[in-house]
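Worksheet for the structure shown next.
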Amino acid sequence: MTFFQLGLIGYPLGHSLSPLIHNAALAACGLQGSYSLFPVAPDDQRGLRDLLSRVRARDIAGLNVTIPHKQNVAALTDELTPAAQAIGAVNTVYLRDEKLVGDNTDAPGFLSDLKKVRGEENDEGRKSALVLGAGGAARAVVHALLGEGWRVAVSSRRNEQAQGLVASFSNSQKLSTCNLQPATRNSQPATFNLIVNATPLGMFPRADETPLPNAAFFHADLFVYDLVYNPRETKLTRQARTRGARAAGGIGMLVEQAALAFALWTGCNPPRETLREALDRQP
Ligand code: NAP
C-alpha cells in the first residue's frame, strides 16, 4: 500500500492546525501516511531545495507552503498553475508528469466556503467587495472574487502595498485601492455588500482588535467573511452580526483549502465534515 508522506514548509510552525486536518483526512480516506511539519528558516534556501527535491524523488507526496516561503517556492517549481501564477504565491506543491507543480488552493478554498456560508445569491449588478489587507491571502481572495465578476476595492495600512496588488492584476478594470483613513475616505461604506478581512487583526491572543472599527460599514445587505479562524467568532464578525449583517469566520476556508490540496496529492476527496469535526474536538 502506498505511504503518503505529506507536510508543511514554513517558519515558525508551532501552532499549525494542518497536521490535525490532514491526519484526519488520511484516516477518513483509509490511506497510510503522515503529515509532518518542516520548519525552514526564512533564509534557508538549501533547506527549501532539499524538501522540494524529496517531492521530485517521490519520497514526499505533497507539501503545503506557508509564510515566509509562499513566494520563494514559486521560483523553484517547474510550473505554476494559472491560480498560483495570478496570485504570485504557492501554498501547495506536488509532482505531475515528472514536473514539480506550484499550486494555490487558498483562492478556490475561499470561494467554495464563501458560497457555502453566504449562499449562491442572485446578486448580479451588486457584487461589490472590500478586501482588508494586501498580503498573500488578500491576493488569493482578490483573484477568486475577480474570477466571479466582483468589483473589488483593496485597503491596507500601507497604501503602496494595496497599489502594488492592484498593479499586478493589471488586466482587471474592476479592481481599485480604497483608503479608509477618515480624512481621505474615497468610498461610501454602505456600497459594499461583501467585506473580507485578510489581515491578522482579531486573531488570538489579540482578539480584542478589529480591522474595521467604523460601524458605518455594517448594514443588513452585507456579508462579512473573516479569514481569521482563531477565535472562531472574531470581534469583526460579532460586531457585524450585532448590526444586522451576516458573517462567517475562516475555519471553513481552512478546511476547504486543505481538502483541495489533499485531493491533489492523494486522489481522495476527503469528507469536509470529518475534517471540521477533528478541528472542533481539539481543546
Ligand atoms: P500576510 O501576507 O502577512 O499579509 C497580512 C496583511 O495584513 C498585510 O497587508 C499586512 O500589512 C496586514 N496587517 C498585518 N498586521 C496589521 C495590523 N496590525 N494592522 C493593519 N494591517 C495589518 O499574511 P496572509 O498570509 O495574507 O494572512 C493574513 C491572515 O489571513 C492571517 O490571519 C492568516 O492566518 C489568515 N489566513 C487564513 C486562511 C484560512 O484558510 N482561513 C488562509 C490564509 C490566511 P503589512 O505588510 O503592513 O504588515
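Observations
- Condition check for residue 26: in contact with a Ser or Thr (Cβ under 8 Å, 6 or more places away or on another chain), open to solvent by less than 20 Å² (accessible area, probe 1.4 Å), modelled with pLDDT of 95 or more and more than 14 Å from residue 93 (Cα to Cα): yes
- Extreme residue, most open to solvent (accessible area, probe 1.4 Å), among residues of the range 155-184 that are among the hydroxyl-bearing types (Ser, Thr, Tyr) and not in a helix (DSSP H, G or I): 170
- In the range 208-222 there is no residue that is part of a strand (DSSP E or B), modelled with pLDDT of 95 or more and surrounded by 20 or more Cβ atoms within 10 Å (Cβ to Cβ).
- Look at the range 112-127: where a residue is touching a residue at least 40 places away in the same chain (Cβ under 8 Å) and a partner is aliphatic (A, V, I, L, M), sitting 6+ places away or on another chain with Cβ atoms under 7 Å, you get 113/253; 117/248.
- Residue in the range 97-113 that is in contact with a Ser or Thr (Cβ under 7 Å, 6 or more places away or on another chain), part of a strand (DSSP E or B) and under 29 Å from residue 236 (Cα atoms) present: no
- Filter result for residue 152 (assigned to a strand (DSSP E or B), in contact with a Leu (Cβ under 8 Å, 6 or more places away or on another chain) and open to solvent by less than 10 Å² (accessible area, probe 1.4 Å)): yes
- Residues of the range 118-149 that are surrounded by fewer than 16 Cβ atoms within 10 Å (Cβ to Cβ) and in contact with a helix residue (DSSP H, G or I) (Cβ under 8 Å, 6 or more places away or on another chain): 147, 148.
- The listed residues are 162, 153, 138, and the only one of them that is closer than 25 Å to residue 38 by Cα, at pLDDT 95 or above and within 16 Å of the ligand (Cβ to nearest atom) turns out to be 138.
- Among residues of the range 48-66 that are in the same structural domain as residue 89 (by TED's automatic domain parsing) and more than 19 Å from residue 258 (Cα to Cα), none has a beta-carbon under 6 Å from a residue that is crowded, with 16+ Cβ neighbours inside 10 Å and among the polar types (S, T, N, Q) at least six positions away or on a different chain.
- Residue identified as open to solvent by 10 Å² or more (accessible area, probe 1.4 Å), more than 13 Å from residue 117 (Cβ to Cβ), in contact with a strand residue (DSSP E or B) (Cβ under 6 Å, 6 or more places away or on another chain) and hydroxyl-bearing (Ser, Thr, Tyr) among 199, 274: 199
- Hits in the range 228-246 - residues which are within 16 Å of the ligand (Cβ to nearest atom), touching a strand residue (DSSP E or B) at 6+ places or on another chain (Cβ under 7 Å) and assigned to a helix (DSSP H, G or I): 236, 237
- The residue pairs whose first member lies in the range 224-239 and is at pLDDT 95 or above, whose second member is away from the ligand (no atom under 13 Å from the Cβ) and assigned to a helix (DSSP H, G or I), and whose beta carbons are closer than 6 Å, counting only pairs six or more residues apart or on different chains, are 224/240.
The values are calculated or read from the model by the stated rules, or taken from the named source; none is laboratory data. Not measured: the values here are computed from a predicted model. As a convention, Cβ positions derive from the backbone with ideal geometry for all residues, glycine included, and neighbour counts pool all protein chains shown. Calculation scope for accessible area: heavy atoms of the full protein, side chains included, ligands and nucleic acids excluded. Shrake-Rupley method; radii C 1.70, N 1.55, O 1.52, S 1.80 Å.
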